[in-house]
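Read through the structure below, which is laid out as structure tokens, and then see the notes.
The values are calculated or read from the model by the stated rules, or taken from the named source; none is laboratory data. Keep in mind that what you see is a predicted model, and the values were worked out from it rather than measured. FYI the Cβ positions are ideal-geometry reconstructions off the backbone, even for glycines, and counts take in every protein chain you see. Please note that ligands, DNA and RNA were not included when accessible areas were found on the heavy atoms of the full protein model with its side chains. Shrake-Rupley method; radii C 1.70, N 1.55, O 1.52, S 1.80 Å.
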Amino acid sequence: MRVAAPGAVRDRAWEWLTAERANLVAALHHAVDHQMDQHAVQLIDALGFLVLTGAWEDRITTATAALPAARRTGAPDHEANVLLARGEALAHLRRPEAEPDLTRAAELAQDAGNIHLQIAAHTELGQVTRRQNRLTEALRHLQEALTLSRGHGTGRWEAVAEGNLADLYADLGNHHQAIAHGTRSAELRHAIGDTDGEACALATVARGWQGISDHHTALTHARHAVELGRTSIGSQEETLAPSLSVLATSLHHLGRVTEALASWREAAQIYTEKGLHADADAINQHIRTATSISNNSMPTPR
């Protein structure tokens, strides 16, 4: 018997999900309308692939539709799961309604004793508060996620928690902690074959090395992150674009302006295509600044 390579299996699964997307969404609405509540809550998990396609609005719409069904089951973890799905999408689009959904999801998950959902909710809340510069709250949520994740499952959630803490420590200027947590995350991701997560972790490690002004070491990690990010199927706004931005920062610092601009432009294009205009604008500001400095440093024609 021939066994297909993991990559081929993944590609076929992706093709099937994207081809059947409309039918899966229709099946969810049918299940809700006919009070087939168990089917509805299961379909919410099946539709998780929507986030990989950048269909965040569809994720919000389907989760909102499934919420009455989840509540009718009387199981708090079903409601928590649907609120988490919607909250994650709202958070990704930087909408303020995300935090109430995620907070309630964390409470329900705790009531249900569902460790997986508790970790996921605290992870998302950590990211939301971090983006709002509420760093003390973010640290509390992310440390809670790490504590809950140790020894849980395959190690993926522990890897996620380590990586998120690394990002936060980089924000706080604690670069050695960022490197330590990021390295641990990258090791865990590599061990379970999670190349997307490994790319994210390596980009954070590179940020840490940038923080202590070792741009050559940062460049090594950033290049590896970009290489892995290019293999991502549908989440390159999380795997490739940030890695390109980190790479560009070190390239620019080392005087390799043309390469830096190319990396920033590719990152901005990815964010724009995914509808993440605030992220694209931030990258474009780097491009404008670097271009202006480069132009001003050129000798005046005589």
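Within the stretch 58-104, being without any contact (Cβ under 8 Å) to a residue 24 or more places away in the chain, open to solvent by 20 Å² or more (accessible area, probe 1.4 Å) and closer than 23 Å to residue 235 by Cβ holds for 61, 64, 95, 97.
Yes/no matrix, rows are residues, columns are (1) surrounded by fewer than 24 Cβ atoms within 10 Å (Cβ to Cβ); (2) hydrophobic (A, V, I, L, M, F, W, C); (3) assigned to a helix (DSSP H, G or I); (4) in contact with a Cys (Cβ under 9 Å, 6 or more places away or on another chain):
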residue	(1), (2), (3), (4)
178	no, yes, yes, no
181	no, no, yes, no
184	yes, no, yes, no
199	no, yes, yes, no
203	no, yes, yes, no
206	no, yes, yes, no
217	yes, no, yes, no
224	yes, no, yes, no
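Go through the stretch 211-239 and report how many residues are more than 17 Å from residue 252 (Cβ to Cβ) and either without any contact (Cβ under 8 Å) to a residue 40 or more places away in the chain or not β-branched (Val, Ile, Thr) (or both). Break it down into steps so the answer makes sense when it comes.
The initial filter retains those residues of the stretch 211-239 that are more than 17 Å from residue 252 (Cβ to Cβ), namely 212, 224, 227-239.
Restricting the remaining residues to those that are either without any contact (Cβ under 8 Å) to a residue 40 or more places away in the chain or not β-branched (Val, Ile, Thr) (or both) gives 212, 224, 227-232, 234-238.
Total satisfying the criteria: 13.
Once the stretch 226-248 is narrowed to residues that are open to solvent by 50 Å² or more (accessible area, probe 1.4 Å) and over 12 Å from the mean Cα position of the chain (by Cα), the residue that is farthest from residue 173 (Cα to Cα) is 233. Can you find a residue that is surrounded by 24 or more Cβ atoms within 10 Å (Cβ to Cβ), closer than 30 Å to residue 143 by Cβ and in contact (Cβ under 8 Å) with a residue 40 or more places away in the chain anywhere in the stretch 260-267? No, that holds for no residue. One residue alone among 193, 173 is under 24 Å from residue 137 (Cα atoms), open to solvent by 20 Å² or more (accessible area, probe 1.4 Å), of a type in the set (Gly, Ala, Ser) and not in a helix (DSSP H, G or I), and that residue is 173. Hey, could you check the stretch 242-287 for residues that are basic (Lys, Arg) and not in a helix (DSSP H, G or I) and say which is farthest from residue 206 (Cα to Cα)? In this case the residue turns out to be 274.
Here residue 7 fulfils each of the conditions (1) more than 26 Å from the chain's Cα centre (by Cα); (2) modelled with pLDDT under 90; (3) of a type outside the set (D, E, K, R); (4) open to solvent by less than 80 Å² (accessible area, probe 1.4 Å) apart from (1). Residue pairs whose Cβ atoms lie under 8 Å apart, sitting 6 or more positions apart in sequence or on different chains, and linking a residue in the stretch 24-46 that is over 18 Å from residue 88 (Cβ atoms) and open to solvent by 60 Å² or more (accessible area, probe 1.4 Å) to a partner that is assigned to a helix (DSSP H, G or I) and of a type in the set (Lys, Arg), are 35/72.
Considering the stretch 268-290, and only residues there that are more than 14 Å from residue 237 (Cβ to Cβ) and in contact with a helix residue (DSSP H, G or I) (Cβ under 7 Å, 6 or more places away or on another chain), the residue that is least open to solvent (accessible area, probe 1.4 Å) turns out to be 290.
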